[in-house]
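The structure appears right after this line, and notes come after that.
The values are calculated or read from the model by the stated rules, or taken from the named source; none is laboratory data. Values in this document were obtained by computation on a predicted structure and should not be read as measured data. Quick reminder, even Gly has a Cβ in these numbers, built from the backbone with ideal geometry, and neighbours come from all protein chains shown.
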Amino acid sequence: MAVMSAENPVAKNAEGVYHFKMSKPIPAYLLALAVGDFVFKALDNRSGVYAEPAAIEKAAWEFADMPKMITSAENLYGPYAWGRYDVIVLPPSFPFGGMENPMLTFATPTIIAGDRSLTTLVAHELAHSWSGNLVTNATWNDFWMNEGFTVYFETRIMEALYGKDYADMQSLLGFEDLKATIEELGDTSIDTKLKLDLKDRDPDDGMNSIAYEKGHFLLLLIEQTIGREKFDTFLKGYFSRHAFGTITTEEFLKEYHSEITHNDTAIENKIRIDDWVYKVGLPDNCPKITSEKFNAVNVQIEKWKSGTPASQLETKNYSTYEWLRFLGNLPTSMSLEQMKSLDDAFHFTNSGNREIQFAWMLHCIRNKYTIANPAIRAFLNVVGRRKFVKPLYAEMLKSPEGKTMAKEIFATSKMNYHAITRETIEAMLK
Ligand SMILES: [Zn+2]
């Protein structure tokens with residue numbers, strides 16, 4: 001069957017000839033085609049899932065909340081403009097988490113965890129139906145207009161569906177990513193500005209968490225300064241005024257002064273938007289989020305560090321986010337005995353959750369916990385999502401024996417990777 005970022009068939013036809021219709025204007029980067037052995041399963045009358053026959057039931061179960069996500073998004077920022085919203089589950093070699101192709105999001109199977117805990121990604125791609133697909137960044141220098149707005153919107157959908165605690169955990173994990181990215185780039189790097197300068201460069205260079213998370217936190221600051229109700233009214237108007245058009249950062253800034261702050265100096269001085277957009281690093285007025293759930297995780301980590309066995313920690317009802325916080329806050333350096341006690345208690349190496357497995361495997365490589373090597377090899381032989389693959393190789397390259405292992409894995413896995421991932425790793429191994 002063939003499907004596109006357009007109106008799609010729901011069943012194979014004998015001739016193998018398919019016709020597609022997209023009646024709305026879309027930018028070129030949103031035109032996509034998928035061909036394969038897949039089937040369709042409806043979730044409600046306007047949304048459903050495409051996947052290979054062996055994966056369809058699991059996928060449909062995992063994404064069962066999608067109709068609720070669409071309704072919640074519409075309640076926030078106005079009617080969904082594209083008719084149907086479907087998701088297609090791609091092979092694990094797909095180099096990205098998701099791609100918001102209109103009417104048909106392309107998604108990695110690594111979000112199928114069996115417990116619906118990674119479906120935030122679907123909320124993100126759905127939110128792009130407004131921010132990005134309906135109102136599109138005019139150039140890649142304005143990429144944050146697509147991604148920052150989408151992360152903000154996605155968090156609001158998750159809050160509406162699962163509560164503020166849940167959304168706050170998500171935002172805090174995003175904030176950790178942002179801090180790590182600024183550290184990696186250096187806080188004087190021009191790439192830490194929201195408005196990018198990609199002249200003569202590969203637009204792919206701008207695709208890091210600055211656009212996503214620094215953008216998100218700027219919008220959060222605006223929301224907290226003027227009040228959520230006013231900001232929602234603005235956003236609803238913004239999406240309808242610019243529907244099926246493009247926008248630059250500067251056009252948005254004009255509206256910011258006229259429609260959001262109404263040139264009120266006190267408000268503008270609180271937000272200092274030019275610092276966010278045109279200056280490097282993270283401004284000191286960045287909103288602070290606290291999460292009691294995450295604080296509780298830190299307490300358990302401290303207990304463990306001072307000798308409480310892993311099996312006696314209070315982790316009983318941990319969500320994926322709490323596990324990710326747990327793994328993210330473990331010490332960089334751990335003994336093999338410590339690693340083994342964590343693995344025995346929580347079975348991270350063989351977790352069915354790719355995010356948890358990935359976070360754990362970074363520790364395994366760093367601490368030479370070789371028991372996990374077969375699992376790392378198996379993971380990298382199948383999964384081509386660059387977000388996972390690149391850091392795992394980078395960690396291996398830090399030691400001579402790791403480098404040997406990286407080369408071996410790449411030799412047997414590279415044909416399973418998409419060209420984007422393959423080229424990234426090839427350049428690292430040179
Ligand atoms: Zn996005």
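Residue-wise test of (1) in contact with a helix residue (DSSP H, G or I) (Cβ under 7 Å, 6 or more places away or on another chain); (2) among the hydrophobic types (A, V, I, L, M, F, W, C).
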residue	(1), (2)
Thr233	no, no
Ala243	no, yes
Tyr256	yes, no
Gly281	yes, no
Lys288	no, no
Lys305	no, no
Leu313	yes, yes
Thr320	yes, no
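Every condition in (1) surrounded by fewer than 19 Cβ atoms within 10 Å (Cβ to Cβ); (2) in a helix (DSSP H, G or I); (3) of a type in the set (Gly, Ala, Ser) holds for Ala372 except the one numbered (1).
In this structure, does Val10 turn out to be outside any helix (DSSP H, G or I), among the β-branched types (Val, Ile, Thr), within 30 Å of Phe379 (Cβ to Cβ) and over 22 Å from the mean Cα position of the chain (by Cα)? The answer is no for Val10. Just one of the listed residues (Ala394, Ala406, Ala427) is among the hydrophobic types (A, V, I, L, M, F, W, C) and without any contact (Cβ under 8 Å) to a residue 12 or more places away in the chain, and it is Ala427.
So that you can scan it fast, the table gives a plain yes or no per residue for (1) out of contact with any Pro (no Cβ under 9 Å at 6 or more places or on another chain); (2) more than 13 Å from the ligand (Cβ to nearest atom); (3) farther than 22 Å from Asn8 by Cα:
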site: Phe94; (1), (2), (3): no, yes, no
site: Phe106; (1), (2), (3): yes, no, no
site: Ile111; (1), (2), (3): yes, yes, yes
site: Thr119; (1), (2), (3): yes, yes, yes
site: Ala138; (1), (2), (3): yes, yes, yes
site: Gly148; (1), (2), (3): yes, no, yes
site: Tyr152; (1), (2), (3): yes, no, yes
site: Gln170; (1), (2), (3): yes, yes, yes
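Flag: Gly97 matches the condition of being touching a strand residue (DSSP E or B) at 6+ places or on another chain (Cβ under 9 Å) and either surrounded by 23 or more Cβ atoms within 10 Å (Cβ to Cβ) or not assigned by TED's automatic domain parsing to the domain that holds Tyr417 (or both).
When Pro102, Pro95 are screened for being in contact with a helix residue (DSSP H, G or I) (Cβ under 7 Å, 6 or more places away or on another chain) and under 26 Å from Val389 (Cα atoms), only Pro95 passes. Of all residues in the range 118-131, those that are over 12 Å from Gly97 (Cα atoms) and in a helix (DSSP H, G or I) have Cβ atoms under 6 Å from Cβ atoms of residues that are among the hydrophobic types (A, V, I, L, M, F, W, C) and within 11 Å of the ligand (Cβ to nearest atom), 6 or more apart or on another chain, in Ala127/Phe153. Say whether the condition of being surrounded by fewer than 21 Cβ atoms within 10 Å (Cβ to Cβ) and either on the phi < 0 side of the Ramachandran plot or not assigned by TED's automatic domain parsing to the domain that holds Pro27 (or both) is met by at least one residue in the range 104-114. Within the range 104-114, one or more residues are surrounded by fewer than 21 Cβ atoms within 10 Å (Cβ to Cβ) and either on the phi < 0 side of the Ramachandran plot or not assigned by TED's automatic domain parsing to the domain that holds Pro27 (or both).
When Ala427, Ala406, Ala419, Ala411 are checked against the criterion of being crowded, with 22+ Cβ neighbours inside 10 Å and more than 29 Å from Gly114 (Cβ to Cβ), a single residue qualifies: Ala406. Among residues belonging to the range 30-41 that are at pLDDT 95 or above and surrounded by 14 or more Cβ atoms within 10 Å (Cβ to Cβ), point out the one that is nearest to Trp61 (Cα to Cα). The selected residue is Lys41. Taking every residue in the range 139-154 that is closer than 14 Å to Leu218 by Cβ and pairing it with any residue that is within 9 Å of the ligand (Cβ to nearest atom) and aromatic (Phe, Trp, Tyr), at least 6 positions away or on another chain, the pairs with Cβ-Cβ distances below 7 Å are Glu147/Tyr212; Gly148/Tyr212; Val151/Tyr212. Please go through the range 296-316 and give me each residue that is part of a loop (DSSP other than H, G, I, E, B), crowded, with 16+ Cβ neighbours inside 10 Å and not aliphatic (A, V, I, L, M), ordered by number. Thr315, the sole residue that qualifies. Within the range 382-396, not a single residue is surrounded by fewer than 13 Cβ atoms within 10 Å (Cβ to Cβ), modelled with pLDDT of 95 or more and in a loop (DSSP other than H, G, I, E, B). Condition check for Lys214 on (1) over 23 Å from the mean Cα position of the chain (by Cα); (2) touching a residue at least 24 places away in the same chain (Cβ under 8 Å): one failure, at (1). Taking the criterion of being assigned to a loop (DSSP other than H, G, I, E, B) and surrounded by 15 or more Cβ atoms within 10 Å (Cβ to Cβ), the residues of the range 47-61 that qualify are Glu52, Ala55. Residue-level check: of (1) farther than 30 Å from Phe348 by Cβ; (2) within 14 Å of the ligand (Cβ to nearest atom); (3) touching a residue at least 40 places away in the same chain (Cβ under 8 Å); (4) crowded, with 23+ Cβ neighbours inside 10 Å, Tyr85 misses just (2).
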